[in-house]
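Colleague: Encoded as structure tokens, here's the structure I'll be asking about.
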Amino acid sequence: MIKVEIDKRIWNVCPDIQIGLLNADVVNCETSDELWQEIEEEAAIISNKYQLLEINSRPAIAATRKLYKALGKDPGRYRVSSEALCRRIIRGLGLYRLTTLIDVVNLVSIKSGYAISGLDADKIAGDTLTMGVGEKDEQYCAIGRGYLNIEGLPVYRDALGGIATPTSDEERTKFTLETTKVQININAFAQEMPVDEALNCTAALLEKYAQASNIEMKIVTDF
């Protein structure tokens, strides 16, 4: 299991932070109709439960936005990924149908409210991830959007640099159809769904849809 370290600047704002870690061997593929039906059912729950301006009050999203503000980042301009997904649903735009691994992460994210980092474990450099704060002009190529200004964003770094933020993960460690081992980090800056429940939900979905095996899970609370 990969080691996670947290910068004191994040710890000071979020003293109750928990990171749920999951590592597993998987088989990725195009998203099945059965998985997509689960996503659509959860999307309907979100759409019926929340108005657009209420999404920010979900505890997990609100805590992440609070952290952004404390670090000097505008959460209205740099949306938390779980918030962005829920906003698309409420606005009637729907979610993109991608691959099994991505859509499993998205499903757990909208169910739990947590921003979740989904990483190809074989592409992570080293055995430790450090969550720090993005620096000015730090290079970061966000998935599907190119250069992202991560100054002031919480960012996971491996031995080579930044690979994940609660806004967007980095191209270098993204899931592809060739991904065979995942590292999934559930970022709970404040608890909404119990983190163990979110981990168990993720594991069950990966077993059902991605032939997951050798699953390891851990909740890190002492940094």
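The values are calculated or read from the model by the stated rules, or taken from the named source; none is laboratory data. Just so it is clear, the model here is predicted, and its values are computed rather than measured. Quick reminder, even Gly has a Cβ in these numbers, built from the backbone with ideal geometry, and neighbours come from all protein chains shown. The accessibility values were calculated without ligands, DNA or RNA, using every heavy atom of the protein model including side chains. Shrake-Rupley method; radii C 1.70, N 1.55, O 1.52, S 1.80 Å.
Colleague: Counting DSSP beta bridges with both partners in the chain, what percentage is antiparallel, nearest 5?
Modeller: 90
Colleague: Right, something else. When the accessible area of the range 6-96 is split by element with a 1.4 Å probe, what percent falls to carbon and sulfur?
Modeller: 48
Colleague: Could you state the orientation-averaged shadow area of the convex hull built on the Cα atoms of the range 42-124, in nm² to one decimal?
Modeller: 6.2
Colleague: Shifting gears a bit: List the relative contact order of the chain as a percent without decimals, with contacts defined as Cα pairs under 8 Å and 6+ residues apart. Mind dumping the intermediate values first?
Modeller: Details: 444 pairs, mean separation 84.0, N = 223.
Relative contact order, the chain: 38 percent.
Colleague: Below 8 Å, C-alpha to C-alpha, sequence gap of six or more: please give me the relative contact order for the range 114-223 in percent. If you can, show how the numbers build up before the last one.
Modeller: Working: 160 pairs, mean separation 32.1, N = 110.
Reported relative contact order: 29 percent.
Colleague: Under 18 Å from the Cα of K181, which aspartates and glutamates turn up, not counting those fewer than eight places away in the same chain?
Modeller: D25, E30, D103, D120, D122, D127, D158, D169, E170, E171, E207, E216
Colleague: May I ask you to compute the full-extension gain from Y147 to K66, defined as 0.36 nm times their residue separation minus their alpha-carbon distance, rounded to one decimal in nm?
Modeller: 26.8 nm is the gain from fully extending Y147 to K66.
Colleague: What are the ³J(HN,Hα) couplings of the range 80-95, residue after residue, when phi is run through the Karplus curve with 6.51, -1.76, 1.60 and θ = phi - 60°? Round to Hz, x for glycine and proline.
Modeller: Residue by residue, the range 80-95 yields 5, 4, 5, 5, 4, 4, 5, 4, 4, 4, 5, 7, x, 8, x, 9 Hz.
Colleague: Along each principal axis of its Cα atoms, how long is the range 65-223 end to end? Whole angstroms, biggest number first, please.
Modeller: Projected onto the principal axes, the Cα atoms of the range 65-223 cover 41, 40, 32 Å.
Colleague: List the residues whose amide H sits under 5 Å from the amide H of G152, counting only those 5 or more places along or on another chain, with H placed 1.01 Å from N in the peptide plane.
Modeller: The answer is G134, E135.
Colleague: Related question: Nearest 20 debye, what's the magnitude of the dipole of the chain about its Cα centre given +1 on Lys and Arg Cβ and -1 on Asp and Glu Cβ?
Modeller: 900
Colleague: Okay, moving on. Can you pull out the trypsin sites (Lys or Arg not before Pro) in the range 132-210 that DSSP calls coil and that have at most 11 other Cβ atoms within 10 Å?
Modeller: Filter output for the range 132-210: K136, R145.
Colleague: So, one more: Under 14 Å Cα to Cα from K8, which aspartates and glutamates show up? Leave out anything in the same chain fewer than 8 places away.
Modeller: Correct list for K8: D16, D222.
Colleague: Hey, another quick one. Whenever you get a sec, compute what percent of the accessible area on the range 98-223 sits on carbon and sulfur atoms (1.4 Å probe).
Modeller: 47
Colleague: Another one. Once every DSSP H run of n ≥ 4 in the chain is given -39500 (n - 2.57) and the sum is divided by its residues, what mean residue ellipticity at 222 nm do you get, rounded to the nearest 500 deg cm²/dmol?
Modeller: Values: 6 runs with 74 residues, N = 223.
Calculated mean residue ellipticity at 222 nm is -10500 deg cm²/dmol.
Colleague: Loop-only check: which chymotrypsin sites (Phe, Trp or Tyr not before Pro) in the range 80-143 are DSSP coil with at most 16 other Cβ within 10 angstrom?
Modeller: When the chymotrypsin sites (Phe, Trp or Tyr not before Pro) of the range 80-143 are filtered for loop state and at most 16 Cβ neighbours within 10 Å, Y96 remain.
Colleague: Give the accessible surface of the chain per residue, rounded to a whole number of Å², with probe radius 1.4 Å and ligands, DNA and RNA excluded.
Modeller: 45
Colleague: For the range 67-142, what number of Lys pairs, 8 or more residues apart or on separate chains, have alpha-carbon atoms under 25 Å from each other?
Modeller: 4
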